[in-house]
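Trainee: Got a structure here, written out as structure tokens. Questions coming.
What follows draws every value from the coordinates through simple rules; no lab data is involved. Quantities reported herein were computed from a predicted structural model and do not represent experimental measurements.
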Amino acid sequence: MAAPRRTPQKRLSPQIYRRRRIVALTAVVLVLWAIISLISAVIGAIGAAFSGPTPSTAPTNVEGQQCASGDILATAIVGRQDGTEAESFATGEQPYIWFTIKNVGTVTCTFNAGPAVQFYTIRSGNDLIWTSRDCDRAGLLDQVVTLEPGQSVPSPTSPWERVRSSSTGCNAETQVPVEPGAYNLTVEVNGVLSDGNQFLLN
């Protein structure tokens with residue numbers, strides 16, 4: 001008996017082989033891309049865990065804008081009416097107080113240094129003796145000045161009548177005279193506080 005005759009298998013066209021190769025190659029590329037992305041994500045997470053926080057960039061002052069508080073140096077001064085500084089005063093001699101503000105920044109800027117934002121304080125040790133906050137401040141105004149880098153501007157001198165201040169006022173008509181001794185003056189100008197300036201009343 002004769003063996004059954006096999007039907008010859010039809011050969012696929014070159015186009016089909018080409019498509020299969022493209023599909024296989026695309027699959028390999030996608031797998032490689034997924035592996036690389038996963039590795040990059042893991043490395044990034046490890047780096048973020050071991051690195052510190054990103055430092056913030058400090059704000060910089062722009063020329064012509066308001067001065068940053070850190071760019072202004074306030075200095076409290078004690079002296080005489082003519083603007084001469086002094087460290088001690090004779091019995092009955094009236095001290096005068098004033099301040100200077102200086103632009104210690106690198107650009108020209110504006111700063112409000114008017115009487116409305118000036119506050120003097122005089123202490124003896126921890127004892128608050130006198131503060132301009134107790135004075136009548138009605139009508140005091142702002143005064144904006146333009147300061148170039150390194151420029152220093154003084155305020156007018158003001159007398160201190162060698163008295164204490166209180167909620168009832170700050171002048172000799174209503175307040176108690178102070179005793180001779182060592183005193184310390186500070187000034188706050190628009191939020192900028194000076195160092196103390198010590199002086200002596202005889």
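Trainee: Going by amide H atoms built from the backbone, whose H comes under 5 Å of the H on Gly114, apart from near neighbours?
Mentor: Amide H neighbours of Gly114: Gln143.
Trainee: Translational diffusion coefficient of region 86-202 at 37 °C, 0.692 mPa s, Stokes-Einstein with Kirkwood Rh over Cα pairs, in µm²/s as a whole number.
Mentor: Details: Rh = 15.3 Å.
D = 215 µm²/s.
Trainee: Please give the length that would be gained between Ile35 and Ser124 if that part of the chain were fully extended, namely 0.36 nm times their separation in residues minus their C-alpha to C-alpha distance (nm, one decimal).
Mentor: Details: separation 89, 0.36 × 89 = 32.04 nm, distance 7.39 nm.
Going from the current span to full extension adds 24.7 nm.
Trainee: Contour minus end-to-end for Glu179 and Val144, with contour as 0.36 nm per residue of separation and end-to-end as the Cα-Cα distance? The partial results should precede the final answer.
Mentor: Values: separation 35, 0.36 × 35 = 12.60 nm, distance 3.74 nm.
That works out to 8.9 nm of additional length.
Trainee: Here is a follow-up. Work out how much length Ser69 to Val104 would gain on full extension: take 0.36 nm times their residue separation and subtract the Cα-Cα distance, in nm to one decimal.
Mentor: That pair, Ser69 and Val104, stretches by 11.6 nm at full extension.
Trainee: Here's something else I'd like to know. Residue by residue, what Karplus-based ³J(HN,Hα) values in Hz, rounded to whole numbers, does region 140-151 have, using 6.51, -1.76 and 1.60 with θ = phi - 60° and x for Gly and Pro?
Mentor: With the stated coefficients, region 140-151 comes to 5, 10, 7, 8, 8, 10, 9, 10, 7, x, x, 7 Hz.
Trainee: Next question, about the same structure. Give the relative contact order (percent, whole number) for region 103-202; include only Cα pairs under 8 Å separated by 6+ residues.
Mentor: Working: 181 pairs, mean separation 31.6, N = 100.
It rounds to 32 percent for region 103-202.
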